[in-house]
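Here the structure comes first, spelled out in C-alpha cells, and everything after it is commentary.
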Amino acid sequence: MHLSVSRASLLQQVQHCQGIVEKRSTKPILCNLFLHAEDQTLKIIGTDLQMAISASIETKVMESGQTTVSAQKLFEIIKELDADQDIELKTEDNFLVIKSGRSRFRLSVMASEDYPGMPDDDTDMNFELDSQELAKMIAGTAFAMSNDETRKYLTGTLFETDETLGFRLVTTDSHRLALVELPLDASLQAVKCIVPKKTVVEIRKICEEQEGSVRLSLGARQIRLQCGTYTLSSKVIDATFPAYEEVIPKQNPRQVDVSCKKLDQSLRRSMIVANEVTHDVRLTFTSEGLQVAAHNTDQEQAEEFVEADIQGAETVIGFNGRYLRDVLGVIDTEQVSIRFRDELSPVLLTTTGESNSKYVVMPMRI
C-alpha cells in the first residue's frame with residue numbers, strides 16, 4: 001500500500017473512526033484502524049464490535065493494498081504534523097511508514113484479514129433527513145439519557161418512526177423526559193429501537209460536521225447512518241423502552257409563560273445556596289409573577305422574582321434546579337410554557353405556540 005493524502009482530510013476522517021476504538025482490548029487488533037487503498041480512494045474503518053464507522057477519502061494511490069495500524073498512535077501523529085504538508089503512507093514489511101515534510105514515523109501493523117470490518121446491513125427501513133436537523137434533535141434530548149447501567153433501556157435514545165407522527169427521539173432517566181419529533185413527507189413504517197449513548201454521541205458529531213441530507217436506517221437489531229463520506233453501523237439495546245406517552249401530562253389547568261433566559265438566570269443564581277446534593281429550588285407561581293427560592297442547612301437563602309404570565313391558582317412546586325436548567329438550555333425560543341395540574345404532578349415544558357418538542361420534569365416534595 002502506498003498513497004499520498006492531504007493532512008486535513010486524513011485528520012478529520014481518522015479522528016471520527018478512532019474515537020470509538022478501545023484504547024486497550026483483549027483482542028489487540030480492535031485497538032487498530034483498518035486502512036484500504038484502491039482506485040484513488042482510502043477507506044478507513046474503526047470498530048469496538050458494538051459500533052463501526054467507515055470513512056472514505058480521495059487520495060493519490062500509487063499502490064493498492066490494506067493493513068491495520070494503532071488507531072491512537074496514527075491519530076496522535078497526524079494531529080502533530082505540519083498542517084500545510086501532505087502525508088505519505090506506505091507499508092514496508094510489517095510496518096506502516098508515515099512521511100510528511102522532514103518527519104518520518106514507522107508503526108507496526110497487524111494482518112488486515114483478521115479485522116472485523118463493517119457489519120452487513122440488518123435494518124428494516126430507511127429514510128432521509130437533513131443532517132443539521134438530526135444533530136439538533138439529538139442536542140435537544142441527549143441530556144435526559146440515564147447513566148444507570150442497571151437499567152440499560154434508559155441509557156440510550158429511543159429512535160421511533162411512525163407514518164402519522166413522523167420521526168421521534170425520546171430520552172428519560174425517570175426524573176425527566178425529553179421528546180423531539182420531526183414531521184416527514186416520507187412513507188414510514190412503525191419502528192422503534194434504543195440507540196446506545198456512545199452511538200448517539202458519534203452520530204451527532206458526524207451530523208454537525210456535514211451539510212446536506214443523511215440516510216438513516218432503523219431495525220430491531222441495528223441502526224445505520226450514511227452521511228457524506230461516513231457510514232456508521234451500530235447494534236441497538238435489546239430492551240423495551242418505557243411507555244413514555246403515559247408520563248406526558250394531558251390535563252394541565254395551570255399554565256405559566258415566562259422568559260426562558262430570565263428564568264434560567266434566576267435559577268443559576270439561586271442554586272448558589274441550594275443543597276449541593278439535591279439542588280432543590282422552590283418555585284412559587286402567583287398572580288404577580290414567579291418567585292424562585294433556595295436555601296441550605298446553614299440557613300443561607302436566595303430569592304428571585306421573574307415576571308410571568310400565569311393562569312390558575314397560586315401554587316408552590318419544588319424542583320431539582322439542574323433538571324430545569326437542562327431543559328431551559330435546549331429550548332431555542334425566547335419564551336417557555338410551563339404547564340401542570342398540581343404541585344405533585346409531572347410538569348410539562350414546551351415552547352410557546354406550536355412545538356415539536358416536549359419536556360417533562362418530575363417535582364420534588366418540599
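Observations, loosely collected:
- Condition met for residue 284 (surrounded by 13 or more Cβ atoms within 10 Å (Cβ to Cβ) and of a type outside the set (A, V, I, L, M)): yes
- Taking segment 42-129 as the region of interest, the strands (runs of 3 or more DSSP E) fully inside it that hold 2 or more residues being among the basic types (Lys, Arg) and exposed (fewer than 15 other Cβ atoms within 10 Å of the Cβ) are 103-110.
- Every condition in (1) in contact (Cβ under 8 Å) with a residue 40 or more places away in the chain; (2) under 29 Å from the mean Cα position of the chain (by Cα) is met by residue 27 except one, and the failing one is (1).
- Screening the candidates 325, 282 for the property of being at pLDDT 95 or above, of a type outside the set (A, V, I, L, M, F, W, C) and in contact with a helix residue (DSSP H, G or I) (Cβ under 7 Å, 6 or more places away or on another chain) yields one hit, 325.
- Inter-residue pairs, beta-carbon under 8 Å, first without any contact (Cβ under 8 Å) to a residue 40 or more places away in the chain and at positive phi and in segment 277-299, second surrounded by fewer than 19 Cβ atoms within 10 Å (Cβ to Cβ) and part of a loop (DSSP other than H, G, I, E, B), 6+ apart: 289/307
- Check on residue 174, touching a residue at least 12 places away in the same chain (Cβ under 8 Å) and at negative phi: no
- The set of residues in segment 140-196 being modelled with pLDDT of 90 or more, assigned to a loop (DSSP other than H, G, I, E, B) and among the acidic types (Asp, Glu) consists of 148, 149, 173.
- Filter result for residue 100 (closer than 30 Å to residue 184 by Cα and either β-branched (Val, Ile, Thr) or modelled with pLDDT of 95 or more (or both)): no
- Some residue of segment 67-84 being assigned by TED's automatic domain parsing to the domain that holds residue 10, modelled with pLDDT of 95 or more, in contact with an Asp or Glu (Cβ under 6 Å, 6 or more places away or on another chain) and hydroxyl-bearing (Ser, Thr, Tyr): no
- All positions within segment 306-339 that are closer than 20 Å to residue 144 by Cα, outside any loop (DSSP other than H, G, I, E, B) and of a type in the set (A, V, I, L, M, F, W, C): 319, 324, 327, 328, 336, 338
The values are calculated or read from the model by the stated rules, or taken from the named source; none is laboratory data. Source: prediction; values computed, not measured. Don't worry about glycine lacking a Cβ; one is built from the backbone with ideal geometry, like all the others, and counts go over all protein chains shown.
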